[in-house]
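Please read the structure below before turning to the comments.
Since every read-out is calculated from the coordinates, none of them should be taken as a lab result. Everything numeric here is computed off the predicted structure, so don't read it as measured data. All Cβ positions, glycine included, derive from the backbone under ideal geometry; neighbour counts span all protein chains shown.
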Amino acid sequence: MQWKFWSAGRIICSRQIFLILLIFTFSISCRQNQKEIDPQIVQLQKDVSRLSEENQRLTNEVQSLRTQLQSKESAPAETEIPKEQPAAESMTVEQMKKEVAPLLKDTIQKIKIESESAKNGKQFGMRVEYDLKNAVYGLVKTEDESAPYSAKVIVKFEKFLESGEISRSYGNGSSTFVFAYRNKQWILQSYE
């Protein structure tokens with residue numbers, strides 16, 4: 001039996017041939033895989049293109065709607081302001097409180113006269129105390145030109161049963177008074 005040993009040159013050459021064959025087979029397999037993936041990549045590219053066009057279209061629509069909205073907001077405001085200013089004077093809550101307080105006090109005095117009963121010896125009578133200092137005032141601008149403002153006042157009260165010697169709390173609650181501003185003066189509309 002004869003043994004042949006390869007020389008160093010033959011070993012290097014065979015290694016190079018092996019590497020070239022390996023690279024060649026790898027590139028062929030990559031090309032086959034690339035051909036399998038290509039339809040997906042093409043579809044994704046189409047989808048990305050379509051979505052970017054749709055995004056651009058939607059962005060243009062939003063911008064168009066914003067400009068229309070801004071033009072509508074600015075145009076009516078300019079035409080309405082001159083008409084409203086001379087028609088109705090402005091009213092503040094402080095001004096309303098100052099004008100309604102005397103009317104509210106008079107109304108409460110009338111209600112107290114009607115609802116209270118006199119005490120007579122040991123027989124009980126009814127007395128009602130209203131807390132005007134802690135009343136809650138609210139002002140509403142209405143659409144009615146004859147009464148452009150409405151005021152609502154909530155006042156807490158406490159009822160007492162009294163005789164000549166004893167005074168007992170009977171209960172408490174609150175009354176709501178509604179006033180309307182007509183012809184530059186406040187008028188009581190209702191109370192409960």
Original post:
Taking neighbour Cβ counts within 10 Å as the exposure measure, how do R182, R127, R57 sort from fewest upward?
Top reply: R57, R182, R127
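Sort the stretch 93-191 into rounded, prolate or oblate with this rule: let a ≥ b ≥ c be the square roots of the eigenvalues of the Cα gyration tensor; rounded if a/c is under 1.5, and if a/c is not under 1.5, prolate when a/b is larger than b/c, oblate otherwise. Write down the numbers at each step before the final one.
On the way: a/c = 3.46, a/b = 2.75, b/c = 1.26.
Since a/c reaches 1.5 and a/b is larger than b/c, the shape of the stretch 93-191 is classed as prolate.
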**OP:** Compute the distance in nm between two label points, each set 7 Å from the Cα along the Cα-to-Cβ direction, one at V42 and one at V178.
**Re:** 7.5
**OP:** Please express the Cα-Cα pair-distance distribution P(r) of the stretch 129-186 as a list of whole percents, one per 10 Å bin, running from 0 to the bin with the greatest distance.
**Re:** 21, 34, 23, 14, 7, 1
Original post:
Listing Y170, Y149 from the residue with the fewest other Cβ atoms within 10 Å to the one with the most, what is the order?
Top reply: Y170, Y149
